[in-house]
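Trainee: Below is one structure. I have some questions about it.
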Amino acid sequence: MTESGARVAVPFRTSLMSRVMLGVLALLAAGGVIVAIAALAYGKQAARQSYDRLLVGAAQDIAESTKIVNGAPVVDLPVSAFSLLSLALDDRISYAVREADGTLLTGYDTAPIASKSGDQVLFDAMLHSDAARFATVARRFAERDYSGTVYFTVGHTLRARNAMAIELTRTALMGVGIAGVILMICAFFVIRSTMRPLEHMASELLKRDPYDLTPMPIKGPAEVTVAIAAMNQFMRRLDRQVGAMRNLISDAAHQLRTPVAAIRAHAELVADHGALAEQQQGLERLLKRTRSLGSLLDQMLSRAMVIHRTDNSPPEPVDLRDIALHVVELEDHMVLSPHAIVELCIDGDEVMVFADEISLREAVKNMLTNALKHGTSPIRVGVTGKGKTAEIWVADAGPGPSPEMLAQIGARFERFAASKGTSAGLGLSIVSSVAEAFHGSMHIGQHEGGFRVTMAFPAMGGKDAQ
Amino acid sequence: MRNSLLWAALQVVLLLPTALASQEEIERITAPGSQVDITLVLRSTTDLDVLRPIIEAFVLQNPDIAVTYEQWGSNALFENSLAACAGKVPSASAVFSSGVHQMIDLVNRACASAYRSEQTTALPAARRWRDELWGITKEPAVMIYNTDLVPAKDVPKSRFALLDLMRRPTSMYRGKIATYNIEASGLGYLFAFMDSLEASTFGALLEGFARTDAVATCCSWEIINRVSRGDYLIAYNVLGSYVDSATFDNIGVIHPQDYTLFLSRAYMIPKDGPEKQAAARLLDFMLSTRGQNLLKARNLFYAETDGATLPESAERGISIEPTLLVAGDKHRRKQFIDLWRSAFAKRDKAR
């Protein structure tokens, strides 16, 4: 993370509010278009149906008023039929009465003949270059002097239909429009009230000092609290990492200064003294100091690593026995104190915990190193599964450190140890950090006539096995 | 008949000077000393003398327009307009006819062009159709009688009174009652047809006409003149506007109290006519306040000023609407004319 120190300027973007409003508007517009299309279709359908009935009614009216006179059909054209057709106020009318062979009895010869046959046919055709709708009704005559079918065709142009369709659509759209406006207004208020916690959070964040990594108060609706919680978690981690780094740097500054000064002093002494024996003695001291500095560096780096890992590696199921076995098998103690006896105390049941294997190894290694350095042989490394708790421990036969030291152990660093150029305190602080990182704890104390350091974790075996 | 008229219409094109058979009168009216750019051809069934003041006022107001006024019989004008619509003869700029059912038919056959203006849209719905046909006038169909010869107690105030008059066993009115010959006159046919739709009295009227040897004859002017002369005592369904614009002392006018038909002469701008703009200007002029006042002055627009008021319910305007197409139907017309003829044929047989 780069901390520029200055507040980052917020680039101007369209607000969530305007985005959501735009979205709602687009949704409403799309809905409106769909409704408009549907309304137009419905209007056309309704207009078509009602005016088609008119046409059929008029045609039937004309058919009813036709009689056979002297062997020929005679149409007594009823005014009522045309009154019906006149309901389509401004539409041209066409009508024709034809015999089966197409002979025009009366009406306009421009009226089209239906392409389909049937007792009642509705069809579209042109009427003097205008689109028009026609109905043809058939009536069969079986009189002594006339037998056959007479077709009555009635049609009109589409002005009234279109006007009705448009009127229906317009009415529907007006309703939709009013509903849309109301919805928009409602949406505006709902969205605004929904957005308020977010705005609140944003303003809180903006007001915040960039170095302030304390958690934010969690309030507001679930989505916002989730965001705040996540942010708090992130800030906590950041805080820890920054703290670890700060610790590392101050540890390094504090702890390394003394041993390095001592090494320089020894080296100067060696350089100044001409006598071979003194030189040899000085070199041995120098070597011892250097080795001690090396282990101190190891400890510090491993601690930094452990803290880094606990924050960055997701915990996995780990069998504590593997850890104990691994540490003992490394046989580091052969280098550190070749005469010490190290026993491994594990049994056949696996002891599973949720943790990071490398961090655990590092911690146990530290525990073992401490025991080898300060404790009394024999040293035992063991694992115990006790119900909900899983423990990994290192015990020696000695009395352990004095109560005053015990009180200081576990802290990050310890002046006394550091001044001696050793790193016992640091080692235990790693153990403590690892234990806490995986929801466990470190216990130090007398146990079965010896001194024991224990890391206890919640066991995962018992519950997860089910 | 239609063919012969078409032929006559063709002759108008081919042999112009000799082909005035169906066209009764023709006159060009211009504003005095004006520069004429546009010639508007107006074909009308109205007597020129009746319309002359209106046309003259129009050309005075529009000096760039000259009006060629052609006076036609209504049936001939219908045939001519049909032929013009089919592109067979030159179209008029405007057609103004009392044969409203024929004009409706023309519009229905898509022979007219649409026009909208403040004046036309102000017309009531019953006086316009599709913005292609407009009713300009309001003229009653009246009964007239000779005031010298018809006793006051006999004057028929309604059709029922006329029926009673005709039913008298020995009547002085035998052969003295006249009405339009509906076969010759489009207007006469329209009036008779509307009568037949309006009331059941029509059958009785026909029967009465047959009983009294009524005369079916032609033309408003002839009927009015002969009533004035005493050749006929009573005439039925005469255009009231003609009677009043004539100056006859001895003619009484009756607006029948049972119902009085009102005619609106229809004005149409043919789709292929020349100078449609000018035709529209003439239309707007006739519908303007000034035009309507002039029409009133010529009795072409009925106004209840002359004491003899008519009950509101007795006013029956002939609406300009497609129901009038029924009047033009071939079968219906034939049946109607057959009925008419059978009423008037009895007298011929009797003679």
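Readers should treat all values here as calculations from the given coordinates under stated rules, not as data from a laboratory. For clarity, every value in this text was computed on a predicted model and none was experimentally measured. Methodologically, a virtual Cβ is constructed for each residue, glycine included, from the backbone with ideal geometry; neighbour enumeration extends over all protein chains shown.
Trainee: Say the dipole of region A:19-164 comes from +1 at the beta carbon of Lys and Arg and -1 at that of Asp and Glu; which of A:Phe152, A:Ala72, A:Leu127 then lies farthest toward its positive end?
Mentor: The residue sitting most towards the positive pole is A:Leu127.
Trainee: I've got another one for you. With the Cα gyration tensor of the protein assembly as shown giving a ≥ b ≥ c as the square roots of its eigenvalues, does the rule (a/c under 1.5 for rounded; else a/b larger than b/c for prolate; else oblate) give rounded, prolate or oblate?
Mentor: Values: a/c = 5.49, a/b = 4.05, b/c = 1.36.
It comes out prolate by the Cα gyration axes.
Trainee: What does the helix-only formula give at 222 nm for chain B: each DSSP H stretch with n ≥ 4 adding -39500 (n - 2.57), the total divided by the residues, and the result rounded to the nearest 500 deg cm²/dmol? Show your work: numbers first, answer last.
Mentor: On the way: 14 runs with 147 residues, N = 351.
It lands at -12500 deg cm²/dmol.
Trainee: To continue, here is another question. Return the unpartnered cysteines for the protein assembly as shown, using a Cβ-Cβ cut-off of under 4.7 Å.
Mentor: So, A:Cys186, A:Cys345.
Trainee: Against the longest alpha carbon principal axis of chain B, how many degrees, from 0 to 90 and to the nearest 10, is the axis of helix B:220-229 turned?
Mentor: 40
Trainee: What is the mean number of Cβ atoms from other protein chains located within 10 Å of the Cβ atom of each residue in peptide A:67-77, rounded to a whole number? It would help to have the intermediate numbers written out before the result.
Mentor: Numbers: counts 0, 0, 2, 0, 0, 1, 1, 4, 6, 6, 10.
For peptide A:67-77, the averaged partner shielding equals 3.
Trainee: Let me ask you something else. Consider all pairwise Cα distances in region B:123-219 and report the whole-number % of them above 18 Å. Intermediate results must be reported in sequence, preceding the final value.
Mentor: Values: 2554 of 4656 pairs.
Value for region B:123-219 (Cα pairs over 18 Å): 55 percent.
Trainee: Can I ask one more? Bin all alpha-carbon pair distances of region A:268-391 at 10 Å intervals from 0 and give each bin's fraction as a whole percent.
Mentor: 11, 32, 29, 15, 8, 4, 0
Trainee: Sticking with this one: Please work out whether region A:43-198 counts as rounded, prolate or oblate from its C-alpha gyration tensor, where a ≥ b ≥ c are the square roots of the eigenvalues and a/c under 1.5 means rounded, while otherwise a/b larger than b/c means prolate and anything else oblate?
Mentor: Verdict is prolate for region A:43-198.
Trainee: Using +1 on the beta carbon of Lys and Arg, -1 on that of Asp and Glu, and nothing else charged, what's the dipole of region A:303-343 about the Cα centre, debye to 20?
Mentor: With only Lys, Arg, Asp and Glu charged at Cβ, the dipole is about 200 debye.
Trainee: Then there's this: Roughly how many whole Å is it from the C-alpha centroid of region A:285-327 to that of region A:128-188?
Mentor: Here the two parts' Cα centres lie 89 Å apart.
Trainee: Around B:Tyr259, with a cut-off of 14 angstrom between Cβ atoms, what is the net charge of the other residues, counting Lys and Arg +1 and Asp and Glu -1?
Mentor: -2
Trainee: Additional query: Got a sec? Charge dipole of region A:286-399, +1 on Cβ for Lys and Arg, -1 for Asp and Glu; which of A:His308, A:His339, A:Ile323 is way out at the positive end?
Mentor: Of A:His308, A:His339, A:Ile323, it is A:His339.
Trainee: Also: Could you point to the residue in A:Ile178, A:Ser193, A:Ile166 farthest towards the positive end of region A:161-220's charge dipole, with +1 and -1 charges on the Cβ of Lys/Arg and Asp/Glu respectively?
Mentor: A:Ile166
Trainee: Principal axis lengths of chain A from Cα atoms, whole Å, largest first?
Mentor: 159, 56, 40
Trainee: Per q in 0.17, 0.18, 0.24 1/Å, what log10 I(q)/I(0) does a Debye calculation on the alpha-carbon atoms of region A:14-61 return?
Mentor: -0.63, -0.66, -0.81
Trainee: Number of Lys pairs in chain B with C-alpha atoms less than 20 angstrom apart, excluding same-chain neighbours closer than eight positions? Show your work: numbers first, answer last.
Mentor: Working: B:Lys88/B:Lys271; B:Lys88/B:Lys276; B:Lys138/B:Lys296; B:Lys153/B:Lys176; B:Lys157/B:Lys176; B:Lys176/B:Lys346; B:Lys176/B:Lys349; B:Lys334/B:Lys346.
Pairs that pass both the separation and distance tests number 8.
Trainee: Give the separation of the Cα centroids, region B:159-226 to region B:89-144, in Å.
Mentor: Value for the Cα centre distance between the two parts: 27 Å.
Trainee: Separate question: Could you tell me how far the Cα centroid of region B:24-79 sits from the Cα centroid of region A:373-392, in Å?
Mentor: So the separation of the two Cα centres works out to 130 Å.
Trainee: By how many degrees, between 0 and 90 and to the nearest 10, does the Cα long axis of helix A:424-437 differ from the longest principal axis of chain A?
Mentor: Computed tilt is about 20 degrees.
Trainee: Also, I was wondering about something else. Give me a single rounded figure for A:223-232: the average over its residues of other chain Cβ atoms within 10 Å of their Cβ. Can you show the working numbers first?
Mentor: Details: counts 0, 0, 0, 0, 0, 0, 0, 0, 0, 0.
Mean inter-chain Cβ contacts per residue within 10 Å come to 0.
Trainee: Select from B:Phe191, B:Phe202, B:Phe262 the residue whose mean-square fluctuation is largest in a Gaussian network model of chain B (Cα-Cα springs shorter than 10 Å).
Mentor: Maximum among the listed residues: B:Phe202.
Trainee: Okay, next question. Please enumerate, by chain and number, the lysines with C-alpha under 24 Å from the C-alpha of A:Lys365, excluding those fewer than 8 residues away in the same chain.
Mentor: Excluding near neighbours in sequence, the set is A:Lys288, A:Lys373, A:Lys386, A:Lys420.
Trainee: Where a ≥ b ≥ c are the square roots of the eigenvalues of the C-alpha gyration tensor, would you call chain B rounded, which needs a/c under 1.5, or, failing that, prolate if a/b is larger than b/c, or oblate?
Mentor: On the way: a/c = 1.80, a/b = 1.52, b/c = 1.19.
It comes out prolate by the Cα gyration axes.
Trainee: When the dipole is taken about the Cα centre of chain B, and only Lys, Arg (+1) and Asp, Glu (-1) are charged at their Cβ, what size is it in debye, to the nearest 20?
Mentor: Details: 38 positive and 39 negative charges, 204 e Å.
Computed charge dipole of chain B: roughly 980 debye.
Trainee: If the only charges are +1 at each Lys and Arg Cβ and -1 at each Asp and Glu Cβ, what is the size of the charge dipole of chain A around the Cα centre, to the nearest 20 debye?
Mentor: Details: 46 positive and 49 negative charges, 255 e Å.
It comes to approximately 1220 debye.
Trainee: While we're here: Tell me the mean residue ellipticity at 222 nm calculated for chain A from its helices only (DSSP H runs of n ≥ 4, each -39500 (n - 2.57), averaged over every residue, nearest 500). Could the numbers behind the result be given before it?
Mentor: Values: 12 runs with 257 residues, N = 466.
The helix-only estimate for chain A comes to -19000 deg cm²/dmol at 222 nm.
Trainee: If packing is taken as the mean number of other Cβ atoms within 10 Å per residue, what is the order of A:30-40, B:225-235, highest first? It would help to have the intermediate numbers written out before the result.
Mentor: On the way: A:30-40: 14.5, B:225-235: 19.9.
Ranking the peptides A:30-40, B:225-235 by packing returns B:225-235, A:30-40.
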